[in-house]
Amino acid sequence: MSVAIGLDLGGTKCLGLAVGRDGTILAEHRVPTPVEGGEALLDTMAAVATDVGVAARAPGIGSVGVGAPGLVDAGGVLRFAPNLRRADGLEIGAGLAARLGVAVQVDNDVTCAAYGEWAAGAATGTGDALLVALGTGIGGGLVVGGRLARGAHGYAGEIGHMVVDTHGPPCPCGQRGCWERFASGAGLGRLAREAAAAGLAPGVVARAGGDCEDVRGEHVTDAAQEGDLGARAILDEFARWLALGLANLTNILDPARIVVGGGLVDDAALWLDATRSAFSKLIMAAEVRPEVPVVPALLGSRAGAVGAALLGRATSGA
C-alpha cells in the first residue's frame, strides 16, 4: 500500500516521515537544511521524500504534504520566509510535484503542526485550539470551530512577528521587538548572551567554551538541567516573555487549549511550569474565565511532518 509522506522544512533541518493510513509513523529521515536555498531545497526535500518512502518499504508514494516556514500561498509558493535563507518566492508545490510525480500539498509548517495535533495529538476533542511552535522562530496554527484557519490569503498564524517591544532587537522580518526575538530558540540564545555579557551566567559561558558571543540556547538548557542558577534565571525570563505572548493571543482568540510544540518542547520541563504561572497572572480576568490549559505537543517535534502527511492525504484523497 502506498504511503503518505510528510515533510517539515525548517531553518536548520528537513524532516521526512512516512505515515500509514492509521497514522502510524513507518519511517523517518532527517537531514540539514541546505544553505544554498532555491533548487537545492527542492532537491533535498525530494530526496528525503524518496528515501523515507524506501525506508518504509512502500510500493509507492500516494501523497506528499509539506510544511514550510513563512507565508505560503494557496498555490504552494513560499512567498516570504524570514528564517529560511534564499527561499522567498520558491515554488515548492510545483517543484516537488515535478520531481516526485505526485501532487504536493504545501502549507505553513505550523498550520501543518496544528492539524496534526488537532487530528492525532494534544488538541484532539477541541473545536478551538492554538498551536505555538517554538523553534528558530515562533509560528502559530489556529483551529477555529473545528476547522483550520488560514486567513484570507493563507497567511494566518504568523504570531512570532507580533511586536511586544517597539524598542526591541531587530527581527529578520524587518521589524523590531517581535515576540520571537524573546521567546524562540534564537530568542533564548539572545537572552543568554545578554546575561553572559553582564556576568550573570558564568556556568553557561563555560559550556560555550568561554566566549559570551558563542552562547546558544542549548548551553542554557544543558546548564539548567545540572542545576545552574544563572541558567535557571535565564529560563525564567524566557518563560515570562513566552507567557506574555500567550496571554495576548488568548485575549484575542479565546482558545480552549494552547498546545506548545516545536523543537524547544523537548526541554519543556525546564520552563513550562514557570510559563503557566506567569500566564495565569497576565491573562485578562483569569479569575472568572474558564481555564485555558497550556500543554506540550503530544507529537513533539514530529507534529509538523505528521500534520503535513495527513493534510496531503486528505487533499489528494489517496
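The values are calculated or read from the model by the stated rules, or taken from the named source; none is laboratory data. Given the structure is predicted, the values throughout are model-derived calculations rather than measurements. Don't worry about glycine lacking a Cβ; one is built from the backbone with ideal geometry, like all the others, and counts go over all protein chains shown.
Per the listing Arg79, Arg85, Arg21, the residue uniquely surrounded by fewer than 24 Cβ atoms within 10 Å (Cβ to Cβ), modelled with pLDDT of 90 or more and not in a helix (DSSP H, G or I) is Arg79.
Looking across Arg289, Arg302, one residue alone is buried (at least 17 other Cβ atoms within 10 Å of the Cβ) and either of a type outside the set (Gly, Ala, Ser) or out of contact with any helix residue (DSSP H, G or I) (no Cβ under 7 Å at 6 or more places or on another chain) (or both). It is Arg302.
The rows are residues; the columns are (1) assigned to a strand (DSSP E or B); (2) modelled with pLDDT of 95 or more; (3) acidic (Asp, Glu); (4) surrounded by fewer than 23 Cβ atoms within 10 Å (Cβ to Cβ).
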{"position": "Ile5", "(1), (2), (3), (4)": "yes, yes, no, no"}
{"position": "Gly11", "(1), (2), (3), (4)": "no, no, no, yes"}
{"position": "Leu17", "(1), (2), (3), (4)": "yes, yes, no, no"}
{"position": "Pro34", "(1), (2), (3), (4)": "no, no, no, yes"}
{"position": "Ala40", "(1), (2), (3), (4)": "no, no, no, yes"}
{"position": "Ala47", "(1), (2), (3), (4)": "no, yes, no, yes"}
{"position": "Val54", "(1), (2), (3), (4)": "no, no, no, yes"}
{"position": "Pro59", "(1), (2), (3), (4)": "no, no, no, yes"}
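If the condition is being touching a helix residue (DSSP H, G or I) at 6+ places or on another chain (Cβ under 6 Å) and more than 14 Å from Ala231 (Cβ to Cβ), then the range 188-211 contributes only Ala197. Residue pairs whose Cβ atoms lie under 7 Å apart, separated by 6 or more positions or on different chains, with the first residue in the range 157-173 and loosely packed, with under 14 Cβ neighbours inside 10 Å and the second aliphatic (A, V, I, L, M) and part of a loop (DSSP other than H, G, I, E, B), do not occur. Only one entry of Ala243, Ala223, Ala239 meets the criterion of being out of contact with any strand residue (DSSP E or B) (no Cβ under 7 Å at 6 or more places or on another chain), buried (at least 20 other Cβ atoms within 10 Å of the Cβ) and free of Cβ contacts under 8 Å to residues at least 24 places away in the same chain, and that entry is Ala223. Of the residues that make up the range 116-128, is at least one among the aliphatic types (A, V, I, L, M), crowded, with 17+ Cβ neighbours inside 10 Å, touching a Lys or Arg at 6+ places or on another chain (Cβ under 7 Å) and at negative phi? Within the range 116-128 (the criterion being among the aliphatic types (A, V, I, L, M), crowded, with 17+ Cβ neighbours inside 10 Å, touching a Lys or Arg at 6+ places or on another chain (Cβ under 7 Å) and at negative phi), the answer is yes, since at least one residue qualifies.
Considering every residue within the range 254-264, establish whether at least one is surrounded by fewer than 22 Cβ atoms within 10 Å (Cβ to Cβ) and in a helix (DSSP H, G or I). So far as the range 254-264 goes, yes, one or more of its residues are surrounded by fewer than 22 Cβ atoms within 10 Å (Cβ to Cβ) and in a helix (DSSP H, G or I). Among the residues of the range 64-74, are any part of a loop (DSSP other than H, G, I, E, B) and among the acidic types (Asp, Glu)? For the range 64-74, residues part of a loop (DSSP other than H, G, I, E, B) and among the acidic types (Asp, Glu): present.
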